[in-house]
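FYI, it's all coordinate maths here, none of it is from the lab. In this text the structure is predicted, and so the values were computed from the model without any measurement. Cβ coordinates were reconstructed from backbone atoms using ideal geometry, including for glycine residues, and neighbour counts include every protein chain displayed.
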Amino acid sequence: MIDLELDDQHQDLVDMVREFAQEVVAPQSAQHDADHTFPYDIVKQMGQMGLFGLPISEEHGGSGGDYFHLALALEELGKVDQSVAITLEAGVSLGAMPIYRFGNEAQKQKWLPALATGERLAGFGLTEPGAGSDASAALTKAKLEDGHWVIDGAKEFITNSGTDITSHVTATAVTGVDEATGKKEISAIIVPTGTEGFTAEKAYNKVGWHASDTHPLSFNGARVPEDNLLGERGRGYAYFLEILDEGRIAIAALATGAAQGCVDESVKYAKTRTSFGKTIGQYQSISFMIARMQSRAHAARLAYYAAAAKMVAGKDFKIEAAHAKLIASEAAMDNAREATQIFGGYGFMNETLVARHYRDSKILEIGEGTTQVQQMLIARGLGL
């Protein structure tokens, strides 16, 4: 059971990641953001710290922790650099967890050790040009041919899919039609980097998350062994929905960190910036704005703690994850907007942290389920 007061083990993790975030990540963030460069050295150090293996068992190369450990690390990283945080989040929850949750033992032994140590990254190929929130509308197809899956189609907005250390992408594809229902049979297939016919296309020029790796993918007769099927045939869509439920807790933790980072920066600025003979923090209009920002961050933290508590206890957490993702992503965006206002002209300069949070936070309301998808899930939970 997760207590609202962290035990020594969890607090030690928070302290370790916070020190790393402040002393190693933060000083490099502005340059990576400006240059749109992937932070390979930081990723390597996170791997050496064991962050990529936090929720993975020791027998598969991980740390033997749980998803709450990962969430705590993401909050600390999210305070100073969302690109680094999303690289870890996607590397674990979207890259490693599909194999950890649904792979057979041979697949786990082959792929997980390198993913758990951060030596390799993996992508989660679900979204397509015409299938975003409605992922069941996927058009990518795979057919069995001489003991191989032959894959044709395209994916969009896939994180960690084109780095120099990407090992594979787990992609959904239509593999037939369910005779009982007439619906598409969607399966998940592991596609290694370097597979002929599989291409990570030119990286996107994004509004934010400039140091995060994101590509469209194309599959043109890409052939992989039949054994690369992940789990049961026809269960791919269900698997990925489960992965997204877990990922929403992780995204909520990252968003909470972003919201708190905006508070922390605003407090420091309000204590030093003077106007009309006083620090701006002495003006009620500013201090009350920051107080509201802190309340948002606090509520977001409680929401993801509650969702993580149910998850690690083995209880149904779908609705709690939706609450957390909704509350935290909106807190991040609202706090980024208000922090930029507090900083005034300086907040509009790209090299400042609040400006990066302003550009980065919008995607938190979109990725791994839009705000509207979370509202839909919550409404369904109410019987509507």
Requested in this report: For helix 105-116, report the angle its Cα long axis makes with the longest principal axis of the Cα atoms of the chain; keep it between 0 and 90° and round to the nearest 10°.
Outcome: 30 degrees
Requested in this report: Please give, to one decimal in nm, the separation of the simple spin-label points placed at Phe348 and Ser136, each 7 Å out from Cα toward the Cβ.
Outcome: 4.7 nm
**Report entry** Calculated [θ] (222 nm, deg cm²/dmol) that DSSP helices of n ≥ 4 give over the chain, each run adding -39,500 (n - 2.57)
**Finding:** -15500 deg cm²/dmol
Report summary line: Taking Cα atoms, the helix 318-343 axis meets the longest principal axis of the chain at an angle in degrees (rounded to 10) of 40 degrees
Requested in this report: Bin width 10 Å, alpha-carbon pairs only: give the P(r) of the stretch 8-121 as whole percents, running from 0 to the bin holding the largest distance.
Outcome: 15, 48, 29, 8, 0
Query - Order of Ser361, Ser187 - criterion: other Cβ atoms within 10 Å of each residue's Cβ, fewest first - result: Ser187, Ser361
Query raised in the report: Mind checking Rg over Rh on the chain, alpha carbons, Kirkwood formula for Rh?
Result: 0.99
Report task. Have a look at the DSSP beta bridges in the chain and tell me what percent are antiparallel, nearest 5. Result -> 85 percent
Requested in this report: Please report, in whole Å, how far the alpha carbons of the stretch 238-381 spread along each principal axis, starting with the longest.
Outcome: 59, 25, 23
Query - Which of His298, His210 has the fewest Cβ neighbours within 10 Å, and the rest in rising order - result: His298, His210
Report summary line: Extension length gain for Glu105 and Ala291 (0.36 nm per residue less Cα distance), in nm, is 62.0 nm
Query - Long-range amide H partners of Ile158 with built H, under 5 Å - result: His215
Report summary line: When Leu121, Leu4 are arranged by how many other beta-carbons sit within 10 Å of their Cβ, fewest first, they go Leu4, Leu121
Requested in this report: Run through every distinct alpha carbon pair of the stretch 123-235 and return the Kirkwood hydrodynamic radius in angstroms, one decimal place.
Outcome: 14.3 Å
Query raised in the report: How long is the gain from Thr199 to Glu19 if the chain were fully straight, where each residue apart is worth 0.36 nm and the alpha carbon distance is subtracted?
Result: 61.0 nm
Report summary line: Net charge near Gln31 (other residues with Cβ under 15 Å of its Cβ; Lys, Arg +1; Asp, Glu -1) is -4
Query raised in the report: Considering only Cα-Cα distances, which of the following residue pairs are longer than 21 Å: Lys79/Lys362; Lys268/Lys362; Lys110/Lys143?
Result: Lys268/Lys362; Lys110/Lys143
Report task. Report, ordered by chain and residue number, the lysines lying within cross-link reach of Lys141, taken as a straight Cα distance under 17 Å and ignoring same-chain residues fewer than 8 apart. Result -> Lys155, Lys183, Lys184
Query - 3J(HN,Hα) from dihedral phi, the stretch 32-42, Karplus parametrisation 6.51/-1.76/1.60, rounded to Hz, x for glycine, proline - result: 4, 5, 5, 8, 6, 10, 7, x, 4, 5, 5
Report summary line: Length gained if Asp146 through Glu242 is fully extended, taking 0.36 nm per residue and subtracting the Cα-Cα distance, is 31.4 nm
